[in-house]
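A short worksheet on the structure shown next.
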Amino acid sequence: MIEKIQAVLNEIQSLTAKDEKELESLRIKYLGKKGIVNEMMAEFRSVPAEQKRAIGMQLNELKNSLQEKINGMREELSHQHESEIEQLDLTRSPYPIRLGTRHPLSIVKNEIIDIFSRMGFLLADGPEVEDDWHVFSSMNFAPDHPARDMQDTFFIEQHPDIILRTHTSSVQSRVMESTQPPIKVICPGRVYRNEAISSRAHCFFHQVEGLYVDKDVTFADLKQALLTFSREMFSADTKIRLRPSYFPFTEPSAEMDISCNICGGKGCSLCKNTGWVEILGCGMVDPNVLEANGIDSKIYNGYAFGMGVERIANLKYQVKDLRLFSENDVRFLDEFTAAN
Ligand code: PHE
């Protein structure tokens, strides 16, 4: 038994514990109820009487050494803890807070607003849930115009007159009915159309529409404003081309293409090898629209234009799938940090 005690005494010299938990399990192993020391105490009972004294002393020594060792280790651990706190640099600046990034559509929308603001356009805003008058009737849509069809327009249930706006021309109507010319506004906002969702279409998208009403406004003014916009938005050598088109609220109407900014007009998949990409609709405000909104068309005339923000963002960033804009995947949104 003496040898056994000696072995344990040797063993405890090299005990280590890296934290309180390890120390506690050592304590239990040696000094716990079912620990090694108690085990030896049980054995001690059957030691012959003549050896009891010597072995008893040894056992006591072991017990004391163990207690001392464990107390010593506990002391050491608490010092270690203190020095860890001492090493904390409380003056170090904190980790930077991870800021969010601007949504690509906001970046592009703000750029469009910025360019037109510099040309003297003011911002105008209006409701997304609109009535038929501001979206269609005041904009010279005939009562049976196909754009009013259920195919395109979301109706508010049980109310054939209340709809989700399909374009922000409704804001132009609201500005005209409450303001006399000169009017020079841009109307950015979300619009809704009943389309099947795919990589190329969504049931909502974003527009910026513009309206200028004054005396003697000409088509040349419109063309110059749009050329300036295109060159500021894309590059100084961007070319524009206007193709005749039709909108109920403008006469004459046109669609505007810009020279493809990806291939520089040489032809690529984005411009379908034509060298041109369509970016907006425009025209001279139809006198019927001015009259419907309380503006004398014999004194005033104007131009209007409207573009899709997603389309411009696609041209700038070549986003292949429209749905990415509304999925809020941070891996996609983080791509735009640099442009922020
Ligand atoms: N409102 C048209 C659209 O939503 C765009 C447009 C605005 C066209 C103004 C001409 C003039 O497609």
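Within the stretch 238-320, the trypsin sites (Lys or Arg not before Pro) that combine a DSSP coil assignment with at most 15 other C-beta atoms in a 10 angstrom radius are Lys239, Lys266, Lys272, Lys298, Lys320. Shown is the FRET efficiency for Thr179 and Tyr317, computed with R0 = 56 Å from the Cβ-Cβ distance and rounded to the nearest 0.05: 0.95. If R0 is taken as 45 Å, the Cβ-Cβ distance between Ala42 and Ser78 corresponds to a FRET efficiency of 0.85.
Computed from the C-beta positions of Asp125 and Thr274 and an R0 of 25 Å, the FRET efficiency is 0.10 to the nearest 0.05. Taking the stretch 308-329 and a reference point 7 angstrom along Cα→Cβ of Ala201, the backbone N atoms nearer than 15 Å belong to 322-323. For Gly294, the shell of other residues with beta-carbons less than 12 Å away shows a net charge of -2, using +1 for Lys and Arg and -1 for Asp and Glu. Based on protein heavy atoms only, the stretch 2-87 ends up with 72 Å² per residue of surface accessible to a 1.4 Å probe.
Percent of accessible area on the stretch 121-262 owned by carbon and sulfur, 1.4 Å probe?
On the way: 3660 of 6930 Å².
Answer for the stretch 121-262 is 53 percent, counting heavy atoms of protein chains only.
For the stretch 2-87, the carbon plus sulfur part of the accessible surface works out to 50%, probe radius 1.4 Å. Within the chain, Cys187, Cys203, Cys282 have no other Cys Cβ under 4.7 Å of their Cβ and so lack a disulfide-compatible partner by this rule. The H on the amide N of Thr250, modeled in the peptide plane, is under 5 Å from the matching H of Asp286, each at least 5 residues off or on a different chain.
Please compute the contact order of the stretch 105-339 in relative form: average sequence separation of alpha-carbon pairs under 8 Å and at least six residues apart, divided by the residue count, as a percent.
Values: 441 pairs, mean separation 47.8, N = 235.
Taking the mean separation of contacting Cα pairs over the length of the stretch 105-339, I get 20 percent.
For the options His81, His145, His103, a Gaussian network treatment of the chain with springs between C-alpha atoms closer than 10 Å singles out His81 as fluctuating the most. Per-residue Karplus couplings for the stretch 165-172, computed as 6.51 cos²θ - 1.76 cosθ + 1.60 with θ equal to phi - 60°, are listed in order as 4, 9, 7, 8, 4, 4, 5, 4 Hz, Gly and Pro entered as x.
Tell me, in nm to one decimal, what length is gained between Arg190 and Asn288 on full extension, where the rule is 0.36 nm per residue of separation less the Cα-Cα distance? Before the final figure, lay out each step's value.
Working: separation 98, 0.36 × 98 = 35.28 nm, distance 2.57 nm.
Answer, rounded to one decimal: 32.7 nm.
The values are calculated or read from the model by the stated rules, or taken from the named source; none is laboratory data. Bear in mind that the values here come from a model prediction, so they are computed numbers and not experimental data. Using ideal geometry, Cβ is built from the backbone for each residue, glycine included, and neighbour counts are taken over all protein chains shown. Note: accessible area is taken over every heavy atom of the protein model, side chains too, but ligands, DNA and RNA are not part of it. Shrake-Rupley method; radii C 1.70, N 1.55, O 1.52, S 1.80 Å.
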